[in-house]
Each structure stands twice: as C-alpha cells, then as structure tokens.
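The values are calculated or read from the model by the stated rules, or taken from the named source; none is laboratory data. Note that the structure is predicted; figures quoted are calculated from it, not measured. Cβ: placed from backbone, ideal geometry, glycine included. Neighbour counts: every protein chain shown. All accessible areas refer to the heavy atoms of the entire protein, side chains included, with ligands and DNA or RNA removed. Shrake-Rupley method; radii C 1.70, N 1.55, O 1.52, S 1.80 Å.
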Amino acid sequence: MTEKITMIELFSGVGAQERALRQLNISYEIKHTCDCDKDAVLSYAAMRWDIEEEMKTFNFPSQEQMVEELQAKNLGYDFPKGKHTITSRTPIEKLKQYYIADKLSKNLGDISKVNKLPYADIVTYSYPCTDMSVAGKGEGMVNKCECGHSWPINFDDGNRALVCNKCGRTVTSSTRSGLLGQVQRLLAIAKNNNTLPKYLLLENVKPLVGKKFKPQFDSWCNWLDSIGYNTYYEVLNGKQYGVPQNRERIYIVAFRDEKDFEKFRMPMPIKLTKTIKNIF
C-alpha cells in the first residue's frame, strides 16, 4: 500500500498497533486513539512527543475546565470504586500532563461515551482480554444491567446486543472483555452512516477461540460478515516471528473488499535468532 492510510486505535493502550505501521514504514495518519486508562494515555503520548517541551508552549485552559473535560471522557475513572481519580485535588503539573497527553493523542476516552467514529481506513479494536485470559477470573464477555441481570453477549443482532433481555433497558456496563459490545455498537452506527472502515484488526488471547468462548466468537464473526466484511483469523505464536517468548495470540482481520480478502495471507514464520539475553 503506497497511499497514506488513516487509522483509529480503539483500546489503544501504549499504541503497539500504531508502532507496527511505523516499523513497516507504512504511510499513515492516526485520526484518533481511544482509551480511558490515564497512565496508558500518558505513556502513549510520552513515547511519541516530548511532553515537557510541548507543555512550554501549550495554551492550557483553567484547572476547572481541564478536570471537567477529562472527567467527561472518564479518563482515569475507577470503575470498581465508581469514582473519578482526576479531580481538583490532582496536582496541577500532573493534571497538565494528563490533559496534554489526551490532546496530543487525539484521545476519545471511554468507548461507552463515544457517539460515533469518523471514517478511517483501518480500525483496530484489541479490547481487554482480562475476563477471558487464564490469569483472569474467566467471567467472559458479559453485559450487566442496573436491574441486576447479567448475561453473555450474543453478537448475532447488533441492535439488541446492548439491550437487557430481562427488563429491556439499554445497558452501558459490562465486564472489561464485554466492551466488544461497544465496538459492535459503533460499527452498527458506521454501517448506517456508510462510514465502515475498509479493514478491522483485532489481537487477543487464545481462549477467545477456546471451547468456553467460541460460540460468542463465532457470533461476532458472523455479524461482521452480515454487515459486509470478509473475516479471517488465525492463532499465531510470537516465538515464530522473532520474539523469544512462547506467546500465542489470535489475530482477526476483516476486509470489506473481497479482493483484498482473497489476496491476504498471514506472514510466514521466521527462524528465531534472538534470546532473552539479546533484549535485556
């Protein structure tokens, strides 16, 4: 691909997927990132800009306005405790760092508060693996309603995925891995607005295609296909691609253009020549 591509990173973290494009020398533009972990957003910006230098010339609004803007995005929100961690008590220099990092990275904040996505050629959506990983509690991709009802998300119907099947409310709460439901909501809106991206990319843990979560995974892929995508997935191991670690992950790539789908091949494994000693 020679033309500049546009990209939105949902659940952007420190921007590993943007870094991949950079290392491949692909011409690109990040239209937005999307994360509400304040330290991840700060790290994302610190890895790409000299924040201290940027702060010297940046026109900061008042302390009250900065707090208000960041809270509106739920940046730094402590979901288990139900409270904001960025407040008027946050030291002013730290507050400025969070604020400028949010601006530099074009961060959308909490995905559940995003009304729609602008068009981008590629959207990455590597949502939290916490509730599916071996190290987690295995709660899975689950919606939670104010009425007390919770249930595994069925992605077959994008219009109903966030509707409580007991009381009929539209829910905004879920397990962290259940945030895939918010991705579906935004893609359904993009479908209606004729702004679906050309490509979708997801990386997640191998249990996503294990026995417990495979039915939900299948319903997700079927739904993507129903809105016009051609979906391909494969489990890859980092040790087969130059990383000295036995790390299996699933990669899901979806294409709107069937010709792109037919030409696509996952990269061939390469011989591992590095050890941990080469890194540390």
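Summary of values
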quantity: Positions within region 234-266 being more than 24 Å from residue 189 (Cα to Cα), touching a helix residue (DSSP H, G or I) at 6+ places or on another chain (Cβ under 7 Å) and of a type outside the set (A, V, I, L, M), in sequence order; calculated: 244, 245, 246, 247, 248, 249
quantity: Residue that is in contact with a His (Cβ under 6 Å, 6 or more places away or on another chain) and free of Cβ contacts under 8 Å to residues at least 60 places away in the same chain, where the choices are 63, 71; calculated: 71
quantity: Residues of region 1-31 satisfying the condition of being under 22 Å from residue 73 (Cα atoms), open to solvent by less than 50 Å² (accessible area, probe 1.4 Å) and out of contact with any helix residue (DSSP H, G or I) (no Cβ under 9 Å at 6 or more places or on another chain); calculated: 8
quantity: Number of the exception - residue 171 against (1) in contact with a Pro (Cβ under 8 Å, 6 or more places away or on another chain); (2) open to solvent by less than 20 Å² (accessible area, probe 1.4 Å); (3) more than 25 Å from residue 199 (Cβ to Cβ); calculated: (1)
quantity: Residue pairs meeting the criteria (Cβ under 7 Å; at least 6 apart or on separate chains; first without any contact (Cβ under 8 Å) to a residue 12 or more places away in the chain, in region 153-180; second in a loop (DSSP other than H, G, I, E, B)); calculated: 170/162
quantity: Matching helices (runs of 4 or more DSSP H) fully within region 180-280 where at least 1 residues are in contact with a strand residue (DSSP E or B) (Cβ under 7 Å, 6 or more places away or on another chain) and open to solvent by less than 50 Å² (accessible area, probe 1.4 Å); calculated: 180-192, 214-226
quantity: Filter result (within 23 Å of residue 78 (Cβ to Cβ) and surrounded by 17 or more Cβ atoms within 10 Å (Cβ to Cβ)) within region 145-161; calculated: 145, 150
quantity: Residues of region 154-170 satisfying the condition of being touching a strand residue (DSSP E or B) at 6+ places or on another chain (Cβ under 7 Å) and at pLDDT 90 or above; calculated: 162, 163, 170
